[in-house]
Amino acid sequence: QVQLVESGGGSVQAGGSLRLSCAASGVIFSTYAMGWYRQVPGKQRELVARIASGGSTDYADSVKGRFTISRDNAKNTVYLQMDSLKPEDTAVYYCRGARGLYDYWGQGTQVTVSS
């Protein structure tokens, strides 16, 4: 059974930091591309950052220079370090793991940034 479990969400003031974690089980984690997405009510889910199995990374323009994605294959975990948070970063953040036809999502974790 595949599971992606996010943690680390919460409430923070603008300018603050949070680190999200996503622990994977039931997959050969190192072979999966992992990503963080976010969604606000009434809008489509959008890519925040992703990291390939080989370690290359990609970021949405809105978070470049503020967010950092990383992975620890020994711990089957992907992280999203979020610094200099802004109110517009408020959303539910989802973890995604993908490899070929296999595509899995976590349940989401709420991030709220107050001004």
Inset, instruction - Name the residues whose placed amide hydrogens come within less than 5 Å of the amide hydrogen of Val48, ignoring near sequence neighbours (fewer than 5 apart) on the same chain. - result: Trp36, Tyr37, Arg38
Inset, instruction - Calculate one ³J(HN,Hα) per residue across segment 79-86 by plugging θ = phi - 60° into the Karplus curve 6.51 cos²θ - 1.76 cosθ + 1.60, and present them in order as whole Hz with x for glycine and proline. - result: 10, 9, 8, 10, 10, 6, 5, 10
Inset, instruction - Provide, for q = 0.30 Å⁻¹, the log10 of I(q)/I(0) from a solvent-free Debye sum over equal Cα point scatterers in segment 1-48. - result: -1.18
Legend entry - Size of electric dipole in segment 1-100: Cβ of Lys, Arg +1 and of Asp, Glu -1, about Cα centre, debye, nearest 20: 140 debye
Legend entry - Karplus 3J(HN,Hα) series, Hz, for segment 27-32 with 6.51 cos²θ - 1.76 cosθ + 1.60 (x for Gly, Pro): 9, 7, 3, 5, 8, 9
Legend entry - Residue-normalised accessible area of segment 2-76, expressed per residue, 1.4 Å probe, Å²: 53 Å²
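Ignoring any ligand, DNA or RNA, what whole percent of the accessible area of the chain comes from carbon and sulfur when the probe is 1.4 angstrom?
47 percent
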Inset, instruction - At 25 °C and 0.890 mPa s, grab the translational diffusion coefficient of the chain from Stokes-Einstein with a Kirkwood Rh over Cα pairs, rounded to a whole number in µm² per second. - result: 175 µm²/s
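The values are calculated or read from the model by the stated rules, or taken from the named source; none is laboratory data. Please read all numbers here as calculations on a predicted model, not as lab measurements. Note that we place each Cβ from the backbone using ideal geometry, even for glycine, and neighbour counts take in every protein chain shown. What goes into the accessible areas is simple: the full protein's heavy atoms, side chains included, and nothing from ligands, DNA or RNA. Shrake-Rupley method; radii C 1.70, N 1.55, O 1.52, S 1.80 Å.
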